[in-house]
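One structure below.
The values are calculated or read from the model by the stated rules, or taken from the named source; none is laboratory data. Note that the structure is a prediction, hence the values are computed from the model and not measured. Please note: Cβ atoms are built from the backbone with ideal geometry, for glycine as well, and neighbour counts cover all protein chains shown. Side chains included, ligands, DNA and RNA excluded: accessible areas come from the protein's heavy atoms. Shrake-Rupley method; radii C 1.70, N 1.55, O 1.52, S 1.80 Å.
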Protein chains: 2
Amino acid sequence: MSEVYIAEQSQTFESGIRLDSGRILAPITLAYETYGTLNELKTNAILVEHAWTGDAHLAGKRNESETKPGWWDAIVGPGRLLDTDRYFVICSNVIGSCFGSTGPASINPKTGKRYNLAFPVVTIRDMVRAQKLLIDALGIERLLTVMGGSMGGMQALEWATQYPAAIASAIVLATTPRPSPQAISLNAVARWAIFNDPTWRKGEYKHNPKDGLALARGIGHITFLSDESMNAKFGRRFSAKDGQFDFFGQFEVERYLNYNGYNFVDRFDANSFLYLAKSLDLYDVAWGCESMAEAFSPVQAPIQFYAFSSDWLYPPYQTEEMVTCLKELGKKAEYHLIKSAYGHDSFLLEHETFAPLVRNFLERV
Amino acid sequence: MSEVYIAEQSQTFESGIRLDSGRILAPITLAYETYGTLNELKTNAILVEHAWTGDAHLAGKRNESETKPGWWDAIVGPGRLLDTDRYFVICSNVIGSCFGSTGPASINPKTGKRYNLAFPVVTIRDMVRAQKLLIDALGIERLLTVMGGSMGGMQALEWATQYPAAIASAIVLATTPRPSPQAISLNAVARWAIFNDPTWRKGEYKHNPKDGLALARGIGHITFLSDESMNAKFGRRFSAKDGQFDFFGQFEVERYLNYNGYNFVDRFDANSFLYLAKSLDLYDVAWGCESMAEAFSPVQAPIQFYAFSSDWLYPPYQTEEMVTCLKELGKKAEYHLIKSAYGHDSFLLEHETFAPLVRNFLERV
C-alpha cells in the first residue's frame, strides 16, 4: 500500500446509546478506518478491536507525513494475515477514547464545553454497543470475525456474548474474563498518579497534566512488559550519563519508562486514560449474570483464544478458565498458550507465532 | 514480657564511616534495641536486620501507650524462636532510615540543618559497615547468627561476605542477590510519585509530601502482596460506599491501598523512603566483584535461605541462584522454598512454617 493512504472516516449517531449505567450518551461519533473492499454479499468483514491506548489507525499510513504505519500493520495488508485482497477490515476507536470517537474531551451538547468528568463511565459492553451501530450502518449483518488483544479481546468477548448471531467467529488474545485485584491495583495507582497532579484540576485542565499522566503511563508500561523482557532489554545497566551514587541517577530501565511516559503525554488525553482504566477494571464477562457459564450460554461462534506465558497482567490461567467453561458448555473454543518473553505486549509482537494458527482458524470458519 | 518495657538505646560513632561512594558520613548514630542477656563469653548474640520501612523495634513494647508490639514479636521472646531466655537479640535501625539512626532527616553538622538531599547515597554494605561498629562496641566478636528478610536478608548477605569471621551463621529470607529490572522499575515509579509531589520541594519540605509518599507506598504495597493473596482478601469487591459507575468509586483493594498509603505518611520520612529505595535498587551481592562466585568465596558461615512461592518481587529463582553458587563453591547453603500465598510479605507471616526449620538450623550451628 505504498502510495495508497488510508482515509480517516467517522459516523455520528444522533440518538446515541443507553449505557450500562442507565445514562444516555448522545450523540455518539465513531472514528474508524477500513482496509480492503466489502464484497457484495457483505460476508468478508473483519472487525479488529484496539487496546487501551490504541486507536482506529490499524495499518498503513494516512498521509505522507506519517513515519510509522498503524499499530497492527504487521498483520493487515495485501497478502498479510488479515489479507486486504480478501477481507474488508474495519477498526473503530472506542467511545471514551480521544482519537475521534466521543469521549471526555468531546463537546457536551448540553453545555457547549468539553465533558471532562461530566462524561459518563462507560463499560466495554457500551463500547461494543456503539460499534454495533457502526456495523449496522455499514450494512453488515454478520462479521466474519472480530479480533483483538487485551481490551480488544474483551470487546471480542462482548460481541460473542451480546451479539452472538452477528459474528461468525472471534479471536481473543491476551485477555481476561475479569481483571484480578492485582491488575486493578496497578490501574488504581496509575489513576492516583493523575489525581495527585495539581494541574489535572479534577479533569478541568487546558493542557494534559504531564507529570501525573507520564507516571501513570510508566506504571502501565511495567505491566505490559515482563521481568524476562526487561532483563533482556535493560538488565541492571545504569545510565551512562549518571553516577551510581547520584541521588537522581537512573537505571536504564528507569530512564526508558520516564522517556516513554513523557512521550505519551503528547498523544493521549489524561481523562480518556482514566475513563478507559475504569472500563478495564469494571470488565467482567459475566456482568449481570450469575456465572460465567450463564454469560457464555448464548455464544454461537467458535472462539480462538491466545494467552502468553509471561503475561502477568492477564495471566494464562484466566484465559484457561474461559476455555474450560466454554468447552463444558459444548461450545467451540480453541486455546493456544504461546511461550513468549514479551509479557502482556506479546500479542502485538508475537504475530509470526500466532499468524499460521489464526490463518488456519479463519480458513475453517 | 508483659510488664517489662524495651529500652530504646543508641550509640554515636564520631568518626563515622567511609561509604562505598567514597564519601565520609560522620558522625553516625545508630538506634537499637536488645532483648535477653549477653552471656559472659558473648557467644549468644543474634542480630536481626529489618526491611525497608522497618525499625529497631523488633519485639515487645517500649511503653504502656503502645498498642502493638514490635514488628517481629511473633518470633522474639521467652520460649519463642529467638528465645530471649537463651539468646541476646539485637536489632538496629539502618543508616538512611528515620527511626533514630543517621539519615536524611538528621542534622548535618556542617550546616546545622537537616541533610535532606545533601545526605549521601548509602548502600546496603554501608548499613552493615555501620552495624559492625555497634557490634564491636558491644564487645561481640562473633554473632551466633544474623537474620533478616528482604532488605534485611541483603544485610545478612553482606555480613556473610564482608565480615565472614564475625558470624557463625546467617538466615536469609525473601531476598535477592540483586533486584531485577522489574523490581527496580517498581521502585522507580514509587520514587517518581514523590518527585511529582510539589510539596516535596526536592527534599526541602517541612511536612512529609503526603500525596506523593502515600502513592509511593501504595505502589510498594502491591509488590509486597500477591495476586493470590489479594484475591483471597479483596477479590473484585467494590466499595459499599460507592456506586460502580461513580467516576471516583473504588474497589475495596484500591481503598485499602489508599488508606494504608496515607497512614504510612504519618510514620515514615519521604526522603528516607527515597534513599532506602535507592539502596535496594543498587544492591548487588557481587558489588565490586567479577562474579557472584568471587563475592561468595570468602563466606565461612553456613547460610540458610528461604524463598516464598508467591513472592514476585524477589522470586525464588533469584535465591536459588545464590544457593547453587554457594554449593558449587563447597559452602554450606541450605534452601527452603515455602509454598505461600502471601507474596513477598510471607517472610513476616509464615513464621509458623519456617520456625521449626530455623530452630533446627540454630541447634546445629
Report summary line: Residue-ordered couplings for the range A:305-322, obtained by feeding phi - 60° into the Karplus form 6.51 cos²θ - 1.76 cosθ + 1.60 and rounding to whole Hz (Gly and Pro as x), are 10, 10, 10, 10, 4, 9, 6, 9, 6, 10, x, x, 4, 6, 5, 4, 4, 5
Report summary line: Inter-chain shielding metric for A:202-215, i.e. average beta-carbon neighbours from other chains within 10 angstrom, reads 2
Query raised in the report: If you take the beta carbon distance between residue B:289 and residue B:204 as r and set R0 to 45 Å, what does 1/(1 + (r/R0)^6) give as a FRET efficiency, to the nearest 0.05?
Result: 0.75
Report summary line: For chain A, averaging the sequence separation of alpha carbon pairs under 8 Å that lie six or more residues apart and dividing by its residue count, the contact order in percent is 17
Report summary line: Per the C-alpha gyration tensor (a ≥ b ≥ c, the square roots of its eigenvalues), the range A:200-241 is rounded if a/c is under 1.5, else prolate if a/b beats b/c, else oblate; here it's oblate
Query raised in the report: Can you list the residues, at least 5 places off or on another chain, whose amide H is less than 5 Å from the amide H of residue A:334, using H built in the peptide plane?
Result: A:303, A:304, A:305
Query raised in the report: Counting only protein heavy atoms and rolling a 1.4 Å probe, how much accessible area do B and A lose on contact, total for both sides, in Å² to 100?
Result: 5000
Requested in this report: Return the calculated 222 nm mean residue ellipticity for chain B, to the nearest 500 deg cm²/dmol, obtained by summing -39500 (n - 2.57) across DSSP H runs with n ≥ 4 and dividing by the residue count.
Outcome: -10500 deg cm²/dmol
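Taking the protein assembly as shown on its own, what percent of its Cα-Cα pair distances exceed 36 Å?
47
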Report summary line: The answer for residue A:62, listing residues at least 5 apart or on another chain whose modeled amide H is closer than 5 Å to its amide H, is A:6
Requested in this report: Normalise the Debye intensity by I(0) for the range B:136-231, one equal point scatterer per Cα, no solvent, then take log10 at q = 0.22, 0.25, 0.26 Å⁻¹ and round to two decimals.
Outcome: -1.01, -1.16, -1.22
Report task. Along each of the three principal axes of the Cα atoms of the range B:288-365, give the extent in whole Å, ordering the values from largest to smallest. Result -> 35, 31, 18
Query raised in the report: Per residue, how many Å² of accessible area does the range A:230-319 show with a 1.4 Å probe?
Result: 37
Query raised in the report: So which aspartates and glutamates pass the test for residue A:339, namely a Cα distance under 19 Å, with those fewer than 8 places away in the same chain ruled out?
Result: A:227, A:228, A:311, A:320, A:321, A:350, A:352
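Just want to confirm a number: the relative contact order over the range B:235-365, from Cα pairs under 8 angstrom separated by 6+ residues, in percent.
Contact order relative to length: 17 percent.
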Report task. Report residue B:18's accessible area, 1.4 Å probe, all protein chains in place, as a number in Å² to the nearest 10. Result -> 150
Query raised in the report: What size of dipole, in debye to the nearest 20, comes out for the protein assembly as shown about its Cα centre when the only charges are +1 on Lys and Arg C-beta atoms and -1 on Asp and Glu C-beta atoms?
Result: 1200
Query raised in the report: So which residues of the range A:243-288 lose at least 50 Å² of accessible area, probe 1.4 Å, when you go from the chain by itself to every protein chain present?
Result: A:244, A:245, A:247, A:248, A:251, A:254, A:278, A:282
Report task. Could you go through the range A:39-53 in sequence order and give the Karplus-derived ³J(HN,Hα) for each residue, using 6.51 cos²θ - 1.76 cosθ + 1.60 with θ = phi - 60°, rounded to whole Hz, and x for Gly and Pro? Result -> 6, 4, 7, 6, 10, 10, 8, 10, 9, 9, 9, 8, 8, 2, 9
Query raised in the report: Of B:68/B:113; A:110/A:206; A:42/A:332; A:132/A:202, which ones are farther than 27 Å apart at the Cα?
Result: B:68/B:113; A:132/A:202
Query raised in the report: What's the long-distance tail for the range A:108-149, i.e. % of Cα pairs beyond 14 Å?
Result: 65
Query - Point-charge dipole on Cβ atoms (K/R +1, D/E -1) for the range B:209-254, about Cα centre, debye to 20 - result: 120
Report summary line: FRET efficiency for residue A:266 and residue B:237 from the Cβ-Cβ distance with R0 = 45 Å, rounded to 0.05, comes out at 0.75
Report summary line: On the accessible surface of the protein assembly as shown, probed at 1.4 Å with all protein chains in place, carbon and sulfur together account for a percent value of 49
Query raised in the report: Mind checking the dipole of the range B:1-63: about its Cα centre, +1 per Lys or Arg Cβ, -1 per Asp or Glu Cβ, Debye to the nearest 20?
Result: 120
**Report entry** Listed peptides A:151-157, B:227-233, A:174-180 by packing density, highest first (mean Cβ within 10 Å)
**Finding:** A:151-157, A:174-180, B:227-233
Report summary line: With a ≥ b ≥ c from the Cα gyration tensor eigenvalues, square-rooted, and the rule rounded for a/c under 1.5, otherwise prolate when a/b > b/c and oblate otherwise, the range B:169-280 is oblate
Requested in this report: Evaluate the Kirkwood expression for the hydrodynamic radius of the range B:37-85, namely the inverse of the mean inverse distance over all pairs of different C-alpha atoms, and round to one decimal in Å.
Outcome: 12.1
Requested in this report: Ignore the peptide's own chain and count Cβ atoms of other chains within 10 Å of each Cβ in B:176-184; give me the average, rounded.
Outcome: 6
Query raised in the report: Taking every eigenvalue of the Cα gyration tensor of the range A:1-151, multiplying by 5 and rooting it, what semi-axes result, largest first, whole Å?
Result: 27, 18, 13
Report summary line: For residue A:29, other-chain or 5+-apart residues with amide H closer than 5 Å (H placed, Pro excluded) are A:13, A:102
**Report entry** Antiparallel %, DSSP beta bridges [both residues in the range B:1-141], to 5
**Finding:** 70
Query raised in the report: Residue by residue through the range B:287-294, which ³J(HN,Hα) values in whole Hz follow from phi under the Karplus form 6.51 cos²θ - 1.76 cosθ + 1.60 (θ = phi - 60°), with glycine and proline marked x?
Result: 3, x, 10, 7, 7, 5, 4, 4
Report task. Over the whole of A:222-233, what's the average partner chain Cβ count within 10 Å per residue? Rounded to a whole number, please. Result -> 3
Query raised in the report: Accessible area per residue of the range B:78-219 at 1.4 Å probe, in Å²?
Result: 29
Report summary line: Here P(r) for chain B, Cα-Cα distances in 20 Å bins, as whole percents, is 29, 60, 11, 0
